[in-house]
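Engineer: Please see the structure below; I have some questions.
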Amino acid sequence: MFLRQDVHALRTTVGDVVAGLRDLEKDFITKARTLEYLTEVQLSAEALAPYTFWSEKQYTRNLLYRDDNFEMLVLCWLPGQKTPIHTHNGQLGWMAVIQGEVAVHHYRYLRCSSPENQNVIGIDCLAGGHNVELETLQSVTGFADGPILTVDKVQTIHQIENRDTAKAGCITLHLYSRPIDSCVAFDLRSQRCGRRSLKYHSIEGKVLGTEDPHPGLSVVP
């Protein structure tokens, strides 16, 4: 069983959460067990302030911790910013809203020109298809102090959108197992999809400039 951390919202640090994740790694990682842990160990906007960065161009992905089993990021959203519709490469994912609220739109794959590219062992899609058709399922709202939202191998396609008009912006905490270096993004207007690599805006509080790229990673617009 994992060690219980101090869960006082104003005192819990990123280091506390990382220590708990390392303890989780001593046993089999499951969606339910990790969800229980993240529900008990809460991070405040103040605790995440050293890792919180904003951009007028797009939402930012800021890495807090990464090892072979877990990747933890804080994402920062200004009003109107959103992801493309995308997959999670077959990995488990958990999202907690720290500040503001976001809309999460869920989709289900129906068909495309390359059905043999679907449900490949270890990832959810090889991409590269056209005549892509997705079914719109539902939209849910994630909000500060609300329930943690999850993705898994059953529900893996979604889009996140900041509909909150507050100038303070929205902050979300994301945990993946295992780390995700790329995803499949869908363009429903052209009915095409393609694999896109991912990029960090900052790593452990250090903003990456154009002269300091993270190898193998590039922006998802």
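To keep it simple, each residue is scored yes or no on (1) in contact with a strand residue (DSSP E or B) (Cβ under 8 Å, 6 or more places away or on another chain); (2) outside any loop (DSSP other than H, G, I, E, B); (3) of a type in the set (S, T, N, Q); (4) closer than 30 Å to LYS26 by Cα.
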{"site": "THR150", "(1), (2), (3), (4)": "yes, yes, yes, yes"}
{"site": "GLN159", "(1), (2), (3), (4)": "yes, yes, yes, no"}
{"site": "ARG163", "(1), (2), (3), (4)": "yes, no, no, no"}
{"site": "THR172", "(1), (2), (3), (4)": "yes, yes, yes, yes"}
{"site": "LEU175", "(1), (2), (3), (4)": "yes, yes, no, yes"}
{"site": "PRO179", "(1), (2), (3), (4)": "yes, no, no, yes"}
{"site": "CYS183", "(1), (2), (3), (4)": "yes, yes, no, yes"}
{"site": "PHE186", "(1), (2), (3), (4)": "yes, yes, no, no"}
{"site": "ARG189", "(1), (2), (3), (4)": "no, no, no, no"}
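Engineer: Need pairs with beta-carbon distance below 8 Å; first residue closer than 30 Å to THR13 by Cβ and without any contact (Cβ under 8 Å) to a residue 40 or more places away in the chain and within region 146-173, second assigned to a loop (DSSP other than H, G, I, E, B) and among the aliphatic types (A, V, I, L, M); sequence gap 6+ or separate chains.
Structural biologist: Correct list of pairs: empty, since none qualify.
Engineer: Might you check whether a residue that is basic (Lys, Arg) and over 20 Å from SER197 (Cβ atoms) occurs anywhere in region 29-36?
Structural biologist: As a first pass, look at region 29-36 and keep what is basic (Lys, Arg): 31, 33.
Pick out the ones that are also over 20 Å from SER197 (Cβ atoms) and you get 31, 33.
Yes, region 29-36 has at least one match.
Engineer: When only residues in region 148-173 that are of a type in the set (D, E, K, R) and modelled with pLDDT under 95 count, which is surrounded by the most Cβ atoms within 10 Å (Cβ to Cβ)? Let's see the steps before the verdict.
Structural biologist: Pass one, region 148-173, residues of a type in the set (D, E, K, R): 152-153, 161, 163-164, 167.
From what is left, the residues that are modelled with pLDDT under 95 are 152-153, 163-164, 167.
Details: ASP152: 13, LYS153: 12, ARG163: 15, ASP164: 21, LYS167: 7.
Per the stated criteria, the residue is ASP164.
Engineer: Out of the residues in region 118-133 that are small (Gly, Ala, Ser) and surrounded by 15 or more Cβ atoms within 10 Å (Cβ to Cβ), which is farthest from HIS88 (Cα to Cα)? It would help to see each step written out before you state the result.
Structural biologist: In the first step, residues of region 118-133 are kept if they are small (Gly, Ala, Ser); the result is 122, 127-129.
With the extra rule that they be surrounded by 15 or more Cβ atoms within 10 Å (Cβ to Cβ), the set shrinks to 127, 129.
Values: ALA127: 12, GLY129: 17 Å.
Among those residues, the one meeting the criterion is GLY129.
Engineer: Considering only region 36-53, how many residues are surrounded by 17 or more Cβ atoms within 10 Å (Cβ to Cβ), outside any loop (DSSP other than H, G, I, E, B) and not hydroxyl-bearing (Ser, Thr, Tyr)?
Structural biologist: Residues that pass the stated criteria total 3.
Engineer: Shifting gears a bit: Does any residue of region 100-110 turn out to be loosely packed, with under 14 Cβ neighbours inside 10 Å and touching a strand residue (DSSP E or B) at 6+ places or on another chain (Cβ under 8 Å)?
Structural biologist: Keep residues of region 100-110 that are loosely packed, with under 14 Cβ neighbours inside 10 Å, which gives 108, 110.
The next check asks that each one be touching a strand residue (DSSP E or B) at 6+ places or on another chain (Cβ under 8 Å); those that pass are 108, 110.
Yes - at least one qualifying residue is present in region 100-110.
Engineer: Let me ask something else. Exactly one of (1) surrounded by fewer than 18 Cβ atoms within 10 Å (Cβ to Cβ); (2) assigned to a loop (DSSP other than H, G, I, E, B) is unmet by THR141. Its number?
Structural biologist: Going through the list (1) surrounded by fewer than 18 Cβ atoms within 10 Å (Cβ to Cβ); (2) assigned to a loop (DSSP other than H, G, I, E, B), THR141 breaks only (2).
Engineer: Let me ask you something else. Let me confirm something: among ALA127, ALA103, which residue is under 30 Å from LYS167 (Cα atoms) and either in contact (Cβ under 8 Å) with a residue 12 or more places away in the chain or in contact with a Pro (Cβ under 8 Å, 6 or more places away or on another chain) (or both)?
Structural biologist: Working: ALA127 fails: under 30 Å from LYS167 (Cα atoms).
Among ALA127, ALA103, only ALA103 is under 30 Å from LYS167 (Cα atoms) and either in contact (Cβ under 8 Å) with a residue 12 or more places away in the chain or in contact with a Pro (Cβ under 8 Å, 6 or more places away or on another chain) (or both).
Engineer: Continuing with this model, one more query. Within region 79-98, restricting attention to residues that are in contact with a Gly (Cβ under 9 Å, 6 or more places away or on another chain) and either modelled with pLDDT under 95 or crowded, with 20+ Cβ neighbours inside 10 Å (or both), which residue is nearest to ARG195 (Cα to Cα)?
Structural biologist: Here the answer is ASN89.
Engineer: A further question follows. Of all the residues that make up region 77-96, how many are over 11 Å from the mean Cα position of the chain (by Cα), part of a strand (DSSP E or B) and farther than 19 Å from PHE186 by Cα? It would help to see each step written out before you state the result.
Structural biologist: Narrowing region 77-96 to residues over 11 Å from the mean Cα position of the chain (by Cα): 77-82, 84-85, 89-90.
From the residues that got through so far, the ones that are part of a strand (DSSP E or B) too are 77, 82, 85.
Going one step further and asking which of them are farther than 19 Å from PHE186 by Cα, we end up with 77.
Total meeting the criteria: 1.
The values are calculated or read from the model by the stated rules, or taken from the named source; none is laboratory data. For clarity, every value in this text was computed on a predicted model and none was experimentally measured. As a convention, Cβ positions derive from the backbone with ideal geometry for all residues, glycine included, and neighbour counts pool all protein chains shown.
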